[in-house]
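None of the figures in this text is laboratory data; all of them are computed from the coordinates on show. In this text, all values refer to a predicted model and were calculated from it rather than measured experimentally. Note: ideal-geometry Cβ built from the backbone for every residue, glycine included; neighbour counts use all protein chains shown.
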Amino acid sequence: MPTPRSLTLAVSLVAAGASLTAQAQQTDQLSTLTVTGQAATKTATPFNETPQSVSVVENEEWEARGAETVQRAADYTPGVFTNQIGASNRYDYLVLRGFADGSINNTFLDGLKVMSDGGSFSSLVIDPWFLERLEVVKGPASVLYGRASPGGLVAQTSHRPAFEPGGEVRLGVGNNAQRSAAFDLTGPLDAERRLAFRLTGLTRAADTQFGPVEEERYAIAPQLTWDITDATSLTLHAYLHKDPEGGYHAGLPFEGTVVDRNGRRISNNFFEGEEAFETFERDQTMVGYEFEHRFSDALSARQRLRYTESDVELEQVYAYGWASATELNRYFSGGEESLDALTVDNQLEARLATGGVDHTLLLGLDYQQRDNEVLWTSGMFPPIDAFDPRYGAEPSMMFPEVRQHRELEQTGLYLQDQLAFGNWRANLGLRHDWVDITNTDPVSGAESVLDDTQVSGRAGLLYAFDNGLAPYATYSTSFSPNSTTDQNGDLLAPTEGEQVELGLKYQPPGTRDRYNLALFDITQENVSSKLPNENFHRATGEIQSRGVELEAHSQLTEALSVQAAYSYTDVTLEKTGDANQGNHDNQVPRHQLAAWGNYAFQSGALAGLDAGLGVRYHADIHADDANSERVPDYTLVDATLGYDLERLGLDGMTARLNVSNLLDEEYVASCYDLNFCYFGAERSVKATVSYAF
């Protein structure tokens, strides 16, 4: 099925005063020439006119690679480490420019924050089957979005209803009992083509490489777009998602996984838990709308609103250190959480000229609210032999339960001016936030409170040469609330980040090819730190991340496309107050290299066949903040084969085979510290058959 782009890009690229059908025609023409990174500016800004590094990943790219999570979709993106927790698919862990703080909470969907709770198990995910593209914005983006990591954010764009009928059905099977079925239907509902619908659904399940642990997912997204007038449109949308089984999420000691434990290694299929106490169930529901109105060719308004509900239940027995020569200590963690959240973003966009300068002004007011009721339990389990496991144990001790009511409110007012004068492009932005966070113990009434205001900004300058070259420089800031408390039990002041970035972009005129070089220097202050002899935290830490990123996307010939990415990321613990000061941060590869090529045969006996091959290399990963050990470098190979079955008389049908970790490399992906190291995913083989109409 052709990718419906009419509503996804129409607001960005064409005047909203035109009908949506006319928009679709014009957008399809422009999209062959222009790649936008709209998440970096919240306006229609071409790739080579945005003074900030943004990587755009289209759904065609990750579907060709067989990616079934957002973190796997970003595998070939520079500046992003996607293997922080190895083979786990429970959350979308994305370490951006070396910053793992809140990495699973810097995700946005259709311009609104996915309202997870970073201090709990309530982190939400979106299945990539429902997405049109990803935009990875590198560096601070608080000026438009409020609280966020200085490393950047991941903006996800949903498929939206199209006014041309179409659909796709897909079935898949693979090793580890993988099985899936998905559909995607869209089209008009009336003869005048003022109403359009989209209904997208998915079911997926699989065993994992870790004993009895399984993954299972069901999701459906109904949508309705109403083109009320030629200048006004409304889209109603919902996303209902259930994970009855959340897969594996645990780590094992460095000794025994990376190096021998008394001459022996733990198998990368080892399960240290108990099947009767292994549960992760997540239900999440999102409902909302997008409303757009154009008052004139120079003035338009948008409002986006989403309400979210999520329930999570967790039981897990996990290992923590060695108890003997062969046995691991084991502990229990449990949780029941219920999250409610509301997000809304109001925007007024105006285009005007003053003298010889064109302005695109964006005035916005957004609001985020989140309540999460949590019940956490913990305890101890008898040890388990890592080399000869015996299961069926019961808890040996349970600790008192913990209850919390976790509340957050954030209101942000922002103003952005994008200036164009000649070949010069400038971006100036300023934002003021009011943030209130309260964590309450409903039994004792004890509270941890943060009542703060923050100012964020960005200033960028770019020169767009006529030949497609565009050097740029930018300065931006960020903030992110801490979840830890000081000696008085109060939440620490938010961390603050600032970045200086220099870069060079290149997009040959008339093509979608794009190349990017970025050099960055990020400093994060007020990082939560804790001395060994203290039971509270201080906002005194400082982290610095410096590096370089290179990215290339090129259609070399009609048949051959390639993409390549390289990242050098040097993250140091500038201030810690302990012996780790001056060391390199762990779980950050200093070197990452990725390349993917795809060849589509155009004629001859192989016409209709396409083949892709990719390589991912990760090197120089410290296993702990003390820098006493390192994770061995590893290289992963991915491959795909696809065939258009129309060549066999089956119109609309295609078949694809995807293999990730083709060579079945056994490796440790990273270590949180020397007690928690994470095995990487073993080889995965999956075949799919699709019918598009």
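Quick look at the values:
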item: Relative packing of peptides 121-133, 674-686 - highest average C-beta neighbours within 10 Å first; result: 121-133, 674-686
item: Rounded to the nearest 20 debye, dipole of region 278-433 from Cβ charges on Lys, Arg, Asp, Glu; result: 820
item: Between region 181-258 and region 298-328, the Cα center-to-center distance that results, in Å; result: 17
item: Low-density loop positions, GluC sites (Glu not before Pro), region 394-499 - DSSP coil, at most 16 other Cβ in 10 Å; result: Glu401
item: Proximal lysines relative to Lys505, as straight alpha-carbon distance under 27 Å, when same-chain residues fewer than 8 apart are discounted; result: Lys42, Lys138
item: Dipole magnitude of the chain about its Cα centre (Cβ charges: Lys, Arg +1; Asp, Glu -1), debye to nearest 20; result: 1780
item: Hits among lysines - C-alpha to C-alpha of Lys242 under 29 Å, sequence gap 8 or more where chains match; result: Lys113, Lys686
item: Charge-dipole axis of the chain as Lys and Arg at +1 and Asp and Glu at -1 on Cβ define it, positive-most pick from Gly497, Thr576, Leu657; result: Leu657
item: Whole-number percent relative contact order across region 6-692, with pairs defined as alpha carbons under 8 Å at least 6 apart; result: 12
item: Net charge contributed by nearby residues that have their C-beta within less than 10 Å of Asp184 (K/R +1, D/E -1); result: +1
item: Two-decimal Rg to Rh for region 185-242 - Kirkwood Rh, Cα set; result: 1.28
item: 222 nm mean residue ellipticity, helices alone, for the chain (DSSP H n ≥ 4; -39,500 (n - 2.57); rounded to 500); result: -1500 deg cm²/dmol
item: Most positive-pole-ward Cα, Ala607, His591, Thr635, against dipole of region 587-640 from beta carbon charges; result: Ala607
item: For region 563-577, 3J(HN,Hα) per residue [Karplus equation, 6.51 cos²θ - 1.76 cosθ + 1.60, θ = phi - 60°, Hz, x = Gly/Pro]; result: 9, 8, 8, 9, 9, 10, 10, 10, 10, 10, 8, 5, 9, 10, x
item: Given charges at beta-carbon only (K, R positive; D, E negative), |dipole| of region 284-362 in Debye; result: 400
item: Once the Cα gyration tensor of the chain is diagonalised, semi-axes √(5λ) in Å; result: 39, 31, 26
item: Cβ-based charge dipole, the chain, positive-most Cα from Gly118, Ala552, Leu236; result: Ala552
item: DSSP-loop GluC sites (Glu not before Pro) across region 508-600, with at most 11 other Cβ within 10 angstrom; result: Glu534, Glu558
item: Over region 405-493, volume per residue of the alpha carbon convex hull, in Å³; result: 104
